Amino acid sequence: MTSRLSSLRAQLVAAQQELPRLLELCFGRQPLLPGSLYILRRKCGKPNCRCTRGDLHESTVLSYRGQGRPQNVSPPPEQIDAVRKMTDEYRRVRQARAEFVRWQRKLLTLLDALESARVQLGEAEFQKGRSAAKKTRSSRR
């Protein structure tokens, strides 16, 4: 039983050491922009255009939920790099948050297991004390 307690404590210490790394991922100061930047390829509809032969028109589009509904916006070419950095940073922070939630669940599972093992240990000691007390009472009679 004590080896199980030691193992659980060691796992808790290891989990605790992960926390600074997880938090560091979320401490950035860069602005975040929820959304995805992608290249949209399409035909314009003019009968003699190059796009009718398969060479589609391309434009960079930001897809995001603005004002509560999905929107597709074409950012100006000079903003594309900045928008890409903000959307990439947003995705990185969201992934860090998901990892933090998994870490938190793992930590709670370990704490529950440690509590359960300590309760079992306490109950065993209590039962030993009760049986020892019964023996002394029965020998007095």
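Nothing in this text is a laboratory measurement; each read-out follows from the coordinates by a stated rule. All of these numbers come straight from a predicted model, not from anything done at the bench. Neighbour counts are summed over all protein chains in view; Cβ atoms, including those assigned to glycine, are modelled from backbone coordinates with ideal geometry.
Could you work out how much longer the chain between Arg102 and Cys44 gets when fully extended? Use 0.36 nm per residue separation minus the Cα distance between them, nm to one decimal. Let's see the in-between values first.
Working: separation 58, 0.36 × 58 = 20.88 nm, distance 4.65 nm.
Extra length available between Arg102 and Cys44 comes to 16.2 nm.
If I model the chain as equal point scatterers sitting on the Cα atoms and use the Debye formula, what is log10 I(q)/I(0) at q = 0.15 Å⁻¹?
These q points yield log10 I(q)/I(0) values of -0.91.
Round to the nearest 10 and give me the degree value, 0 to 90, for the angle of helix 2-26's Cα axis relative to the longest principal axis of the chain.
30 degrees
Below 8 Å, C-alpha to C-alpha, sequence gap of six or more: please give me the relative contact order for the chain in percent.
Relative contact order of the chain: 29 percent.
Given a Förster distance of 25 angstrom, what is the FRET efficiency for Asp88 paired with Leu19, based on the Cβ-Cβ distance and rounded to 0.05? Walk me through the numbers before you get to the answer.
Details: r = 24 Å, r/R0 = 0.96.
E between Asp88 and Leu19, to the nearest 0.05, is 0.55.
What size of dipole, in debye to the nearest 20, comes out for the chain about its Cα centre when the only charges are +1 on Lys and Arg C-beta atoms and -1 on Asp and Glu C-beta atoms?
Here the size comes out at about 900 debye.
Assuming 0.36 nm per residue, please report the length gained on full extension of the stretch Gln30 to Val73 beyond their Cα-Cα distance.
13.3 nm
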